[in-house]
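The values are calculated or read from the model by the stated rules, or taken from the named source; none is laboratory data. Predicted model only: the values in this text are computed from it and were never measured. Because the Cβ atoms are built from the backbone with ideal geometry, glycine has one as well, and the counts that use them run over all protein chains shown.
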Amino acid sequence: MIRTRTSLALTAAVVVGALGLTSCASPETDDPTGGRQGKEADIMIGASLELSGPTQSIGTAYEKALELQVGLINKQGGVLGGRKLRLIVKDNQTKPAQNITNVNNLINNDHVAAVITGGCSACTVPVTTIVEKRKVPLISLASATAITSPVAERRYTFKISPNPAQDAGVLLAELKKKGVKSIGLLNVDNPYGQEGRAAVLAQAKKAGIEVTGIQQFGQEDKDMSVQAKRLVAGRPDVVVVWAVMPAAGIIAKNLRDAEFGGGVYLDAGAGAELFVKGAQGAAEGIHMVFPRVLAIGDVTSHDKTVRAQKEWVDRYTDKYQNYSGFASFGADAALMLRNAIAKAGTTDGPKLRDTMETLGFDGVSGPIRNTAQDHSGLQPESLGVLVVREGDWHLAN
């Protein structure tokens, strides 16, 4: 199924002004396809997201966040002297082949100025060659380092979410601080999970923490009880789980059913509020590495960035009744494009790419600082260790 959505015009835009640049009044009207548009013409932004398939819940959260943030940007006045952003959303079905079709269609038929792809790393890596050839910037919401590395081959590709190495570094530092002596590791068997496994093993060795067992599962698997029992048999102090939803929630219940009495730690892909819902009673006391914005209610600072983050969370919650941790990544993708277009004064692909490569701003997820050497600009200080208490995420420390 392919869905096309125009952006929503909402009633306020406090977060837009607080988290990025103001609109630029440049009369530039370059069309990324090489044509010319009137200065009031909409700027097309394409999004290929997981709106069906095993990670549908995550893709839907991205879609909601993008629609909300684009609507806020347009309410603020758009970019380039009042031009609106128009969001075109297509379902990639969590399939790499469909993602390739979608990105080609967005560039060739919809003439988008930029493309945003969802949380499926395996879906995103194959389309990086397309945007390189067509010179259209891409922002990925997935995590695998291979999406933006090596930069020499990914000049037009950027991403928002943290690298697995960042997650693993924060997670193992926390375990070492707590005096944990041993861990078991369970990861999804795909590029994202394999990179996470390697990062956890490297950090565990560095921290002097024993790994008592390693298990994997398939992305489509519906039950991981066999793997859970094998890990529990190794008697680790903690089980580290590298998985997205719905798998992360299933694993939490599998570990509970296996009568595991130690700690459970998740990486940032676990699903935030989706995990709590999916794991149900098994979620209580489980930890996760994630941008601190997910527990923004625990943050007492009143600086400009924190106020803007709280306003965004309140706005998203008011509209959709609950807050998705993944919403921050979608919101920042829209802000990155708005800021880059405004600063570049154009939607020309190469010029927009050059601007994005040196762009820095304080986003919903945290500080984002792109460089010519690193197109994954979310800074490590945005991450924290969270814990489920009474059915909600809170800062663990």
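So that you can scan it fast, the table gives a plain yes or no per residue for (1) outside the structural domain of I341 (by TED's automatic domain parsing); (2) more than 17 Å from the chain's Cα centre (by Cα):
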site: M356; (1), (2): no, yes
site: F361; (1), (2): no, no
site: S365; (1), (2): no, no
site: I368; (1), (2): no, no
site: T371; (1), (2): no, yes
site: R389; (1), (2): yes, yes
- Item | Failed item, numbered, when G208 is tested on (1) modelled with pLDDT under 95; (2) on the phi > 0 side of the Ramachandran plot | (1)
- Task: Could you run through the stretch 302-331 and say how many residues are farther than 13 Å from D362 by Cβ, in a loop (DSSP other than H, G, I, E, B) and more than 13 Å from the chain's Cα centre (by Cα)?
- Result: 4
- Residue, modelled with the lowest pLDDT, within the stretch 43-59, restricted to residues that are assigned to a loop (DSSP other than H, G, I, E, B) and in contact with an Asp or Glu (Cβ under 9 Å, 6 or more places away or on another chain): P54
- Note on the structure: The helices (runs of 4 or more DSSP H) lying wholly within the stretch 117-183 that contain at least 3 residues that are farther than 30 Å from L231 by Cβ are 128-134
- Of residues in the stretch 360-387 being among the hydrophobic types (A, V, I, L, M, F, W, C) and surrounded by fewer than 22 Cβ atoms within 10 Å (Cβ to Cβ), the one farthest from V131 (Cα to Cα): V387
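If I ask for residues that are among the acidic types (D, E) and in contact (Cβ under 8 Å) with a residue 60 or more places away in the chain, which ones from the stretch 299-337 would you list?
If the condition is that a residue be among the acidic types (D, E) and in contact (Cβ under 8 Å) with a residue 60 or more places away in the chain, then E311, D332 are the ones that fit.
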- Any residue in the stretch 205-220 that is surrounded by 22 or more Cβ atoms within 10 Å (Cβ to Cβ), touching a residue at least 40 places away in the same chain (Cβ under 8 Å) and either closer than 16 Å to G184 by Cβ or in the same structural domain as K177 (by TED's automatic domain parsing) (or both)? no
- Query: Is the stretch 101-115 home to any residue that is part of a strand (DSSP E or B) and within 22 Å of R315 (Cα to Cα)?
  - Reply: no
